[in-house]
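For reference, the structure discussed in these notes is given below.
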Amino acid sequence: MLDLGFIRDNLELVKRKLRERGFPDILENFDTVDRERRKFLVEAENRKARRNKVSDEIAALKKQKQDASALIAEMKQLGAEIQELDAKAKAYDDQLRELLRNIPNVPHPSVPVGSGPPDNQEVRRWGEPRRFDFAPQAHWDLGPALGILDFDRAAKIAGTRFAVYTGLGAKLERVLANFMLDTHTREHGYTEVLPPFIVNSASLYGTGNLPKFAADLFKLEGTDYWLIPTAEVPVTNLYRDEVLEAEQLPLKLCAWTACFRSEAGSYGKDTRGIIRQHQFQKVELVKFALPEKSYDELESLTRDAEVILQRLGLPYRVVVLCTADMGFSSAKTYDLEVWLPSSGEYKEISSCSNFEAFQARRANLRFRRGAGKTEFLHTLNGSGLAIGRTWLAVIENYQQADGSVVIPQALRPYLDGLERLVPPK
RNA sequence: GGAGGGAUGGGUGAGUGGUUGAAACCGGCGGUCUUGAAAACCGUUAGCCUCGCAAGGGGCUCGGGGGUUCGAAUCCCUCUCCCUCCGCCA
């Protein structure tokens with residue numbers, strides 16, 4: 001949510017920024033609704049001031065056992081007027097809130113203006129894609145051949161866009177989570193959190209997933225419970241409606257969770273393999289930061305996520321998303337894209353964003369400097385990393401001509417020294 | 001799932017229709033005293049919206065929403081959450 005006063009004072013600027021994001025008409029009614037709301041509000045409040053004053057007079061008269069019926073009759077009339085004006089003010093207020101809830105964040109000035117993914121800009125590259133002297137296989141062939149991935153039975157027990165990991169495949173998934181969590185908690189100063197995988201709708205409003213993106217989520221029938229699409233939702237909402245001390249910031253949390261996404265509207269996209277699943281696991285990094293520090297924190301959070309790819313020896317690049325490709329709540333986003341030899345391209349494996357005060361306003365996340373006034377803090381998060389996509393990146397990048405997969409050095413201590421996955425005879 | 005009890009400011013906790021936006025205590029902040037600190041004492045200490053160039057007004061908020069009333073923290077309805085007991089259960 002944007003600040004109401006900010007929109008009012010910078011209407012043309014905000015309109016231009018939102019046009020760049022692909023929301024050209026969203027503020028069309030803002031000025032009218034804002035003015036009407038305040039008009040009725042002021043009229044109602046003037047009458048309420050009168051009512052409060054007279055109520056005291058009535059109380060005083062009653063105390064002295066004097067007649068107050070004339071005043072009471074007048075107030076009855078006034079009360080009716082107030083009710084009417086309140087209703088009008090509320091109607092415009094509801095309209096304004098609805099409007100505010102549906103306005104995306106304003107991009108940071110450093111974000112490239114663009115109209116789609118081709119306008120994203122590469123920031124840096126790490127690692128050299130390996131040269132294969134054979135045709136590298138895709139993970140959806142390698143995995144089943146190694147006996148560590150089973151799509152057919154997943155389709156039977158659940159449906160499409162699900163996978164079953166078996167044997168060392170399941171263990172590799174588990175071990176990747178441990179490796180990531182250990183790195184972030186031991187070396188990067190994050191505190192581990194294990195939140196619920198189910199949240200209420202208020203939490204989803206807080207992060208900006210609702211009301212606009214309900215179709216992307218799984219809802220539990222007949223309840224106000226939703227499966228989380230990312231740990232960002234429960235973890236960002238941890239301190240909802242609370243006031244933190246400035247000294248606590250930046251507060252750095254990391255969480256392993258399963259994530260659930262309906263993937264409505266992605267038909268035909270990434271249909272093979274485990275790239276796009278209804279359920280996947282992710283280690284998420286979340287920061288609560290001082291406003292003046294949040295862009296430094298975005299850089300360091302992105303670096304924290306990159307370290308995982310570097311330790312695993314997976315080539316990647318960092319891309320800054322253009323205005324049209326950013327998520328609804330974000331002011332600036334870096335995507336980390338890992339090299340996939342089977343498709344010969346870089347594929348998103350992490351998304352690191354600064355939301356500035358956008359989520360903080362929605363979730364009422366504040367802090368205080370000393371005895372000063374409360375301020376909204378800034379929230380950030382990024383995948384560190386998506387585990388399923390890391391799993392397949394390891395399998396594909398480390399595959400050998402004989403169908404085996406070499407285990408990256410960094411993971412071997414987690415796998416009892418195992419050096420290689422070998423297909424069964 | 002059944003029965004009962006509760007939700008008040010940063011915290012504990014008074015308050016059952018009319019200067020109670022809210023006592024008291026604790027905590028926080030400022031000050032007096034002190035070589036310094038502690039103690040003691042004094043003062044101060046919510047948020048949001050809105051009018052105004054400002055100074056300064058006004059409105060709303062006692063878990064959320066609705067209602068009764070001239071007037072609601074106080075009465076009614078409803079929802080949410082928490083606690084206790086019973087049942088069930090990893």
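The values are calculated or read from the model by the stated rules, or taken from the named source; none is laboratory data. Being a predicted model, the structure only gives us computed values, none of them experimental. Virtual Cβ from ideal backbone geometry, glycine too; neighbours counted across all protein chains shown. We work out accessible area using only protein heavy atoms, side chains counted, and drop any ligands, DNA or RNA first. Shrake-Rupley method; radii C 1.70, N 1.55, O 1.52, S 1.80 Å.
Pull up the range A:362-398, narrow it to residues that are within 16 Å of RNA strand B (Cβ to nearest atom) and open to solvent by less than 10 Å² (accessible area, probe 1.4 Å), then point me to the one that is farthest from the chain's Cα centre (by Cα).
A:Phe367
For residues that are out of contact with any Phe, Trp or Tyr (no Cβ under 6 Å at 6 or more places or on another chain) and open to solvent by less than 50 Å² (accessible area, probe 1.4 Å), scanning just the range A:205-222, find the one that is nearest to A:Arg361 (Cα to Cα).
A:Gly206
So, in the range A:339-361, exactly how many residues are within 16 Å of RNA strand B (Cβ to nearest atom) and either within 21 Å of A:Arg125 (Cβ to Cβ) or surrounded by fewer than 24 Cβ atoms within 10 Å (Cβ to Cβ) (or both)?
Keep residues of the range A:339-361 that are within 16 Å of RNA strand B (Cβ to nearest atom), which gives A:357-358, A:360-361.
So of that shortlist, the ones also either within 21 Å of A:Arg125 (Cβ to Cβ) or surrounded by fewer than 24 Cβ atoms within 10 Å (Cβ to Cβ) (or both) come out as A:357, A:361.
Adding up the residues that qualify gives 2.
Taking only pairs six or more apart or across chains, which ones have beta-carbon atoms under 9 Å, a first residue in the range A:39-64 that is under 15 Å from A:Ala80 (Cα atoms), and a second residue that is more than 8 Å from RNA strand B (Cβ to nearest atom) and open to solvent by 100 Å² or more (accessible area, probe 1.4 Å)?
From the range A:39-64, the pairs are A:Ala44/A:Glu84.
Residue check: is A:Phe288 assigned to a strand (DSSP E or B), away from RNA strand B (no atom under 16 Å from the Cβ) and either under 20 Å from A:Pro234 (Cα atoms) or among the basic types (Lys, Arg) (or both)?
Criteria met by A:Phe288.
Give the residues of the range A:227-245 that are of a type outside the set (Val, Ile, Thr), open to solvent by 20 Å² or more (accessible area, probe 1.4 Å) and within 16 Å of RNA strand B (Cβ to nearest atom), sorted by residue number.
The answer is A:Leu238, A:Tyr239, A:Arg240, A:Asp241, A:Glu242, A:Glu245.
Across the range A:210-226, which residue is farthest from RNA strand B (Cβ to nearest atom) among those that are without any contact (Cβ under 8 Å) to a residue 40 or more places away in the chain and within 14 Å of the chain's Cα centre (by Cα)?
Filtering first and then ranking leaves A:Ala214.
Pick from A:Leu13, A:Leu78, A:Leu85: which is hydrophobic (A, V, I, L, M, F, W, C) and within 30 Å of A:Met326 (Cα to Cα)?
Values: A:Leu78 fails: within 30 Å of A:Met326 (Cα to Cα); A:Leu85 fails: within 30 Å of A:Met326 (Cα to Cα).
Only one candidate passes the filter, namely A:Leu13.
Cβ-Cβ distance below 8 Å, separation of 6 or more or different chains: which pairs start in the range A:235-260 with a residue that is part of a strand (DSSP E or B) and end on one that is within 16 Å of RNA strand B (Cβ to nearest atom) and open to solvent by 70 Å² or more (accessible area, probe 1.4 Å)?
A:Val243/A:Arg368; A:Leu244/A:Arg368; A:Glu245/A:Arg368; A:Leu253/A:Leu238; A:Ala255/A:Leu194; A:Trp256/A:Leu194; A:Thr257/A:Leu194
Just the residues that are assigned to a helix (DSSP H, G or I) and over 29 Å from A:Arg420 (Cα atoms), please, taken from the range A:157-198.
A:Ile157
Quick check on the range A:88-107. Is at least one of its residues of a type in the set (S, T, N, Q), open to solvent by 30 Å² or more (accessible area, probe 1.4 Å) and in contact with a His (Cβ under 9 Å, 6 or more places away or on another chain)?
Within the range A:88-107 (the criterion being of a type in the set (S, T, N, Q), open to solvent by 30 Å² or more (accessible area, probe 1.4 Å) and in contact with a His (Cβ under 9 Å, 6 or more places away or on another chain)), the answer is no, since none of the residues qualifies.
Counting residues that are open to solvent by less than 60 Å² (accessible area, probe 1.4 Å) and within 12 Å of RNA strand B (Cβ to nearest atom), which helices (runs of 4 or more DSSP H) fully inside the range A:1-86 reach at least 2?
On the way: elements: A:4-9, A:11-21, A:30-63.
The qualifying helices (runs of 4 or more DSSP H) are A:4-9, A:30-63.
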